[in-house]
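Peer 1: Supplied in structure tokens, the structure appears directly below.
Each value in this text was obtained by applying a stated rule to the coordinates, not by laboratory testing. Because the structure is predicted, anything quoted here is derived from the model rather than measured. Neighbour counts are summed over all protein chains in view; Cβ atoms, including those assigned to glycine, are modelled from backbone coordinates with ideal geometry.
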Amino acid sequence: MHGLVDGSLVVAGRRSWLADSWGIALDGGLAAAIDEAEGAGSTAVVVVIDGRARAVVAVGDTLRATSRDGVARLVARGLTPVLLTGDNDGAAARVAAAVGIERVIAGVLPGGKLDAVRALQRDGHVVAMVGDGVNDAAALAGADLGIALGGGTDAAIEASDITLVRDDLRLVADSLALSQRTLRVIRSNLFWAFAYNVAALPIAILGLLNPVVSGLAMALSSLIVVGNSLRLRRA
């Protein structure tokens with residue numbers, strides 16, 4: 001980002017962006033500060049005032065208490081979690097180790113996140129993407145299943161297929177489990193509906209089924225479908 005502050009041009013961003021877009025080089029002291037911050041697992045942001053690099057701000061993510069359990073639930077379901085982030089390798093490795101993720105793709109721009117999703121799809125994987133930021137929107141839309149956190153940006157929520165009400169990674173596994181149970185209920189409902197019609201229609205055509213009994217049987221089949229669906233309330 002960049003802007004005017006009290007008449008001075010202030011620019012803040014990663015080292016590579018400052019070098020490529022602004023032609024700003026760092027002195028040895030600031031370069032060493034960046035290496036130290038990234039080595040400690042933080043993201044280094046360089047602050048430039050009037051064309052001169054003046055400071056390095058080290059920022060880091062605070063893990064939610066539920067994140068490790070959320071990842072463990074996904075692994076227990078047979079899924080392979082991948083950490084996909086624009087942060088540097090050191091910061092990404094620190095977070096991945098803390099939550100139990102082995103595969104890390106770090107230092108990617110928003111377009112790179114979409115490329116990573118498509119690469120996994122080309123390898124034959126079904127990909128679900130979980131994100132909450134503007135820079136996640138393209139990957140959320142390109143994944144087979146996009147899951148946005150409820151506290152995320154409007155762009156992420158609009159691009160996703162599922163929006164979690166709470167920012168709790170454990171709900172990702174819960175939503176997948178609920179979806180699978182719902183699909184099983186739909187299939188069982190369809191089976192019993194078709195079985196009922198296959199059995200009852202020939203009898204009715206032959207005139208062997210009293211209309212009153214037919215009406216009661218139809219009502220009973222509807223009650224069975226509704227009752228079977230209501231089992232999802234226990235999910």
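Peer 1: With the dipole of the chain worked out from charges on the C-beta (+1 for Lys and Arg, -1 for Asp and Glu) around the Cα centre, which of Phe194, Thr66, Ser179 lies farthest toward the positive end?
Peer 2: The listed residue farthest towards the positive side: Phe194.
Peer 1: Something else now. At 18 angstrom or more along the helix axis (alpha-carbon based) and mean Kyte-Doolittle of -0.5 or higher, what helices does the chain contain? Whole DSSP H runs only. Each step should come with its number before you reach the end.
Peer 2: On the way: long enough: 110-122 (19 Å, -0.53); 170-205 (53 Å, 0.78); 211-230 (29 Å, 1.65).
Both cut-offs are met by 170-205, 211-230.
Peer 1: Related question: Quick check: from the Cα gyration tensor, does segment 179-234 come out rounded (a/c under 1.5), prolate or oblate? Show your work: numbers first, answer last.
Peer 2: Values: a/c = 6.64, a/b = 2.23, b/c = 2.98.
Cα axes put segment 179-234 in the oblate bin.
Peer 1: Students often get this wrong, so try it: which of [x] 0.98; [y] 1.15; [z] 1.54 is Cα Rg over 2.2 N^0.38 Å as calculated from the structure shown?
Peer 2: This structure yields the entry labelled [z].
Peer 1: Can I ask one more? To the nearest Å, what is the center-to-center distance of segment 93-152 and segment 25-64, using C-alpha atoms only?
Peer 2: 25 Å
Peer 1: Any idea what the relative contact order of segment 1-147 is, in percent, if you count C-alpha pairs under 8 Å spaced at least 6 apart?
Peer 2: Details: 208 pairs, mean separation 22.4, N = 147.
It rounds to 15 percent for segment 1-147.
Peer 1: A further question follows. What is the sum of charges, Lys and Arg at +1 and Asp and Glu at -1, for the other residues whose Cβ falls under 11 Å from the Cβ of Val48? Display every interim value, and only then the final one.
Peer 2: Working: positive: Arg15, Arg52, Arg54; negative: Asp50.
So the environment of Val48 carries a net charge of +2.
Peer 1: Just for the chain, what percent of DSSP beta bridges are antiparallel, to the closest 5? Working shown, then result.
Peer 2: Working: 15 of 25 bridges.
Given both bridge residues lie in the chain, the antiparallel proportion sits at roughly 60 percent.
Peer 1: Would you calculate a helix-derived [θ] at 222 nm for the chain, using -39,500 (n - 2.57) for each DSSP H run of n ≥ 4 and dividing by the full residue count, to the nearest 500?
Peer 2: Details: 9 runs with 122 residues, N = 235.
Estimated from H runs of four or more residues: -16500 deg cm²/dmol.
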